[in-house]
């Protein structure tokens with residue numbers, strides 16, 4: 001009798017328990033596995049924590065919350081920036097995230113989510129830099145060098161917003177990753193790195209005074225997640241982004257990663 005009562009109690013508890021699924025009002029992806037690719041090169045958006053060795057950041061927190069609300073399992077992969085858009089376009093990954101600027105030419109290859117963040121292009125220099133203070137005075141510094149990744153917004157800002165519009169300008173030194181451009185800046189191999197405000201502020205905060213931002217912003221850009229053309233994930237992710245904006249979750253992530261977080265602590 002006791003065993004039967006315990007069995008019936010278990011059934012009652014299960015009947016009262018909420019079903020595992022998406023958050024109220026959002027699409028339910030039924031626990032589907034979604035492969036998300038990133039570069040881990042843009043603190044505080046996504047990077048490898050120097051203390052723990054774990055991949056963390058604003059975008060990881062946002063994507064994990066989107067996955068929770070839409071009821072899918074995010075499986076993270078890593079690739080280089082120059083391979084990412086094509087790889088997502090080819091269907092190797094379901095979602096790409098690495099502070100990707102929403103641009104019309106990129107929309108020819110991939111679908112974008114709605115913007116989840118607006119950023120500005122800033123000039124990142126060494127902390128002791130005094131030779132120039134803005135884009136105009138840098139352009140006049142004939143031997144000044146810019147470090148950039150080819151095909152990125154900072155690269156095109158360097159070409160058309162700072163220099164002479166020549167994509168082969170020898171004053172632009174190319175690197176495979178954004179992190180490599182910052183290391184070259186610290187080492188004195190280049191004199192300027194253009195960065196979105198999110199990454200730039202993260203690097204300055206972590207530099208202990210060895211880096212700083214100068215001049216006025218060189219334009220604004222919106223970031224979005226990318227998907228293979230025609231992906232059925234775009235609408236659900238957009239709905240989740242809207243919910244995260246509406247309830248203050250994205251504002252809380254901004255505070256956590258741009259104000260409160262200190263690299264290595």
### Query
From the list 182, 193, 125, which residue is buried (at least 21 other Cβ atoms within 10 Å of the Cβ), more than 19 Å from the chain's Cα centre (by Cα) and at pLDDT 90 or above?
125
## Note on the structure
Of the candidates 132, 138, the one satisfying the condition of being touching a strand residue (DSSP E or B) at 6+ places or on another chain (Cβ under 8 Å), farther than 28 Å from residue 29 by Cβ and assigned to a helix (DSSP H, G or I) is 138
### Query
Does region 33-46 contain at least one residue that is at pLDDT below 90 and assigned to a strand (DSSP E or B)?
yes
### Task
Starting from residues that are without any contact (Cβ under 8 Å) to a residue 24 or more places away in the chain, touching a strand residue (DSSP E or B) at 6+ places or on another chain (Cβ under 7 Å) and assigned to a helix (DSSP H, G or I), keep the ones in region 47-101 and report whichever is surrounded by the most Cβ atoms within 10 Å (Cβ to Cβ).
60
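Just wondering, is there one or more residues in region 149-167 that are part of a loop (DSSP other than H, G, I, E, B), modelled with pLDDT of 95 or more and either surrounded by fewer than 22 Cβ atoms within 10 Å (Cβ to Cβ) or in the same structural domain as residue 48 (by TED's automatic domain parsing) (or both)?
At the first step, the residues of region 149-167 found to be part of a loop (DSSP other than H, G, I, E, B) are 149-152, 163-167.
Restricting the remaining residues to those that are modelled with pLDDT of 95 or more gives none.
No, that holds for no residue.
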### Query
Which is in a helix (DSSP H, G or I) and either more than 26 Å from residue 25 (Cα to Cα) or in contact with a strand residue (DSSP E or B) (Cβ under 7 Å, 6 or more places away or on another chain) (or both), of 181, 195?
181
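The values are calculated or read from the model by the stated rules, or taken from the named source; none is laboratory data. Just so we're clear, the structure is a prediction, and the values are computed from it rather than from any experiment. Every residue, glycine among them, receives a Cβ derived from its backbone with ideal geometry; neighbour counts consider all protein chains shown.
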